[in-house]
Amino acid sequence: MKSSSAWKPAATLETLRLRARLLAAIREFFATRGVLEVDTPVLSHAASTDPQLHSFTTHYSGPDAPDGAPLFLHTSPEFPMKRLLAAGSGPIYQIGKVFRNGECGRWHNPEFTLLEWYRPGFDHHALMDEVEALVTGLLDSGLKQPAASERLSYGALFLRHTGIDPHTASAADLRECARAHGVGEVPGLTLDERDAWLDLLLTHTVIPCMEPQRLYFVYDYPASQAALARIRPPSPGQACALAERFELFINGIELANGFHELADSAEQRRRFERDNARRQTQGLPTMPLDEPLLAALDHGLPPCAGVALGVDRLLMLAAGAGTISETLAFPFDRA
């Protein structure tokens, strides 16, 4: 049973006002750069196939579905936004609610606010420039001034803090590295799950070494972690292909995740199908593929880069909050 005070907002009025100023500043930033604000559906007939993401499912009954139809609350507005790009929208952004099942804690709420934008003609490096301009500008506008930013490749970051090359090390090497850095055994984690060992080292060894109040842009991830990013073939002197994506970390928090976007519809379908095969292996339900997105990619997605940024986490930094609940009027436990 909820307490008698659970009807009250979790965030202070000062924090709610700060949220309003933050959103206004974001819109002003994009207006001055000629980026169009768009609005896309929250409900979809398809869902993310990523095994790490779990969609909320609902059911529609009515016209056009005499037997009813499952619908999914989106985990990101990415797919319909790419359809707009393929239709010639030009640069676009969206601020909206997204939903992820099973995510609740210090930095997570099942429903949260995401800022997502796409820049035709940009690669992931050019988009990092814009992300840095936005974030530093927001945190410098009377909110909180971060230290200078740093950009490191995923490989260089691992070498700096673990002494191991994440692109060439075996899963056994990664396990031994984790043990050497005091990371205990993880039940059920086998040597077949190399990316899981990389994630374990990243979260338990690498990120804790990052300096507070410093923006860290980490780019060029292993190709196995490409998600929806392009993969760049090995260049002379490189041992393997790399995923053209980046993440932004501040104070141990992942704030943004960006891609030099994949535009190949056949490759995108293969990745969706590979994800669903992994879901089956893990005992998870398979997800319906987003055929309108694949048709849009087949029509032609302009060369572009896109990024998603957690607004509530950014507000945590601006307000000096210790949990995401402190930035929300009514978080999960008060919804």
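Tabulated data for the structure shown
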{"quantity": "In segment 1-57, residue modelled with the lowest pLDDT [restricted to those that are out of contact with any helix residue (DSSP H, G or I) (no Cβ under 9 Å at 6 or more places or on another chain) and among the hydroxyl-bearing types (Ser, Thr, Tyr)]", "calculated": "SER3"}
{"quantity": "Within segment 212-256, considering residues that are of a type in the set (Asp, Glu) and over 13 Å from the mean Cα position of the chain (by Cα), the one surrounded by the most Cβ atoms within 10 Å (Cβ to Cβ)", "calculated": "GLU244"}
{"quantity": "Residue that is nearest to the chain's Cα centre (by Cα), among those in segment 174-209 that are closer than 25 Å to ILE250 by Cβ and of a type in the set (S, T, N, Q)", "calculated": "THR203"}
{"quantity": "Residue match in segment 14-26 (condition: surrounded by 14 or more Cβ atoms within 10 Å (Cβ to Cβ), more than 23 Å from the chain's Cα centre (by Cα) and either of a type in the set (Asp, Glu) or over 17 Å from LEU115 (Cα atoms) (or both))", "calculated": "yes"}
{"quantity": "Residue match in segment 146-153 (condition: closer than 23 Å to THR15 by Cα, surrounded by fewer than 20 Cβ atoms within 10 Å (Cβ to Cβ), in contact with a Leu (Cβ under 6 Å, 6 or more places away or on another chain) and modelled with pLDDT under 95)", "calculated": "yes"}
{"quantity": "Single residue of THR58, THR75 found to be under 22 Å from PHE332 (Cα atoms), in contact (Cβ under 8 Å) with a residue 12 or more places away in the chain and in contact with a Pro (Cβ under 8 Å, 6 or more places away or on another chain)", "calculated": "THR58"}
{"quantity": "Tally, over segment 177-197, of residues that are surrounded by 12 or more Cβ atoms within 10 Å (Cβ to Cβ) and either part of a helix (DSSP H, G or I) or on the phi > 0 side of the Ramachandran plot (or both)", "calculated": "7"}
{"quantity": "Candidates LEU301, LEU297, LEU284 - the one that is touching a His at 6+ places or on another chain (Cβ under 9 Å), among the hydrophobic types (A, V, I, L, M, F, W, C) and either touching a residue at least 40 places away in the same chain (Cβ under 8 Å) or farther than 28 Å from ARG106 by Cα (or both)", "calculated": "LEU284"}
{"quantity": "Residue within segment 33-45 that is outside any loop (DSSP other than H, G, I, E, B), of a type in the set (S, T, N, Q), surrounded by 16 or more Cβ atoms within 10 Å (Cβ to Cβ) and in contact with a Leu (Cβ under 9 Å, 6 or more places away or on another chain) present", "calculated": "yes"}
{"quantity": "Residue selected from segment 280-302 under the condition outside any loop (DSSP other than H, G, I, E, B) and of a type in the set (S, T, N, Q), by the criterion farthest from ALA266 (Cα to Cα)", "calculated": "THR281"}
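For every residue, the table says whether it meets (1) among the charged types (D, E, K, R); (2) farther than 30 Å from LEU134 by Cα.
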site	(1), (2)
GLU261	yes, no
ARG270	yes, yes
GLU273	yes, yes
GLN280	no, yes
LEU289	no, yes
LEU293	no, no
LEU297	no, no
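The values are calculated or read from the model by the stated rules, or taken from the named source; none is laboratory data. Keep in mind it's a predicted model, so treat the numbers as computed, not measured. Cβ coordinates were reconstructed from backbone atoms using ideal geometry, including for glycine residues, and neighbour counts include every protein chain displayed.
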